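The values are calculated or read from the model by the stated rules, or taken from the named source; none is laboratory data. Quantities reported herein were computed from a predicted structural model and do not represent experimental measurements. When we count neighbours, we look across all protein chains shown, and the Cβ atoms used for this are built from the backbone with ideal geometry, even at glycine. Side chains are part of the model used for accessible areas, which takes the heavy atoms of the whole protein and leaves out ligands, DNA and RNA. Shrake-Rupley method; radii C 1.70, N 1.55, O 1.52, S 1.80 Å.
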Protein chains: 2
Amino acid sequence: MTTRLLQIDFPYDGPWGEALASACDPLAHDIAGESGLRWKIWTENRERGRAGGIYLFDDEAACTRYLEKHRARLAGFGIVDIRAEVFEVNGPLSAITRAPL
Amino acid sequence: MTTRLLQIDFPYDGPWGEALASACDPLAHDIAGESGLRWKIWTENRERGRAGGIYLFDDEAACTRYLEKHRARLAGFGIVDIRAEVFEVNGPLSAITRAPL
């Protein structure tokens, strides 16, 4: 079983920061219960008008399943121009640079 | 002082995995000592021929300084088609999803 890192970002107009945290609180609790998800970091850049997330999953199956589900959810919000990249993590190098895995 | 997440990825032909870990061991130790860097996760996808990293910095100044330095270093390896995105982290949402911040 090899972990997978999922990197997603997309064009986004807000809300940002605390307003986003309020709006997405229920969604965040839902995502926290996602099978095979270790963690998600929520990312936002209001100057560039982009948002997204970095996720770590237990394995490729959990990552693929979530990506399909999240793609459909974002499409429901009208967000379709998504950039999604799936990576393996290089363990020895990440350990040297204190990665929180 | 607000942390910044830096997301970098680029076309890459290998080496991968353990061979990459051996080749980049000195570089990883150098990066580990980078001022203002909390951590880096090293990412690789040999099927898609891409690699990169996810970084967390103490603040925007440290992030910008590192990005310029790393861009020059990658250019020295012949890697110039780099995608780099800088984000703020949404703290409340990330806390709900167990983000390692």
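Residue-level check: of (1) closer than 21 Å to A:Gly91 by Cβ; (2) among the acidic types (Asp, Glu); (3) under 11 Å from the mean Cα position of the chain (by Cα), B:Glu85 misses just (1).
Between B:Arg46, B:Arg98, B:Arg50, which is among the charged types (D, E, K, R) and in contact with an Asp or Glu (Cβ under 6 Å, 6 or more places away or on another chain)?
Matching residue, one of B:Arg46, B:Arg98, B:Arg50: B:Arg50.
In the range B:42-69, of all residues being farther than 13 Å from A:Glu85 by Cβ and hydrophobic (A, V, I, L, M, F, W, C), the one that is nearest to the chain's Cα centre (by Cα) corresponds to B:Trp42.
Only residues that are of a type in the set (A, V, I, L, M, F, W, C) and either over 25 Å from A:Arg65 (Cα atoms) or exposed (fewer than 12 other Cβ atoms within 10 Å of the Cβ) (or both) were counted across the range A:1-11, and they come to 1. Could you tell me whether B:Gly14 is open to solvent by 10 Å² or more (accessible area, probe 1.4 Å) and on the phi < 0 side of the Ramachandran plot? Criteria not met by B:Gly14.
With respect to the conditions (1) more than 12 Å from every other protein chain (Cβ to nearest Cβ); (2) among the small types (Gly, Ala, Ser); (3) open to solvent by less than 20 Å² (accessible area, probe 1.4 Å), A:Ala21 falls short on a single one, namely (1). Residues that are over 20 Å from B:Ser22 (Cβ atoms), at the interface with chain A (Cβ under 8 Å from one of its Cβ atoms) and open to solvent by less than 30 Å² (accessible area, probe 1.4 Å) within the range B:33-88 comprise B:Leu37, B:Trp39, B:Ile54, B:Glu85, B:Phe87, listed in sequence order. Once the range A:80-99 is narrowed to residues that are touching a helix residue (DSSP H, G or I) at 6+ places or on another chain (Cβ under 9 Å) and touching a residue at least 12 places away in the same chain (Cβ under 8 Å), the residue that is farthest from A:Leu6 (Cα to Cα) is A:Ile82.
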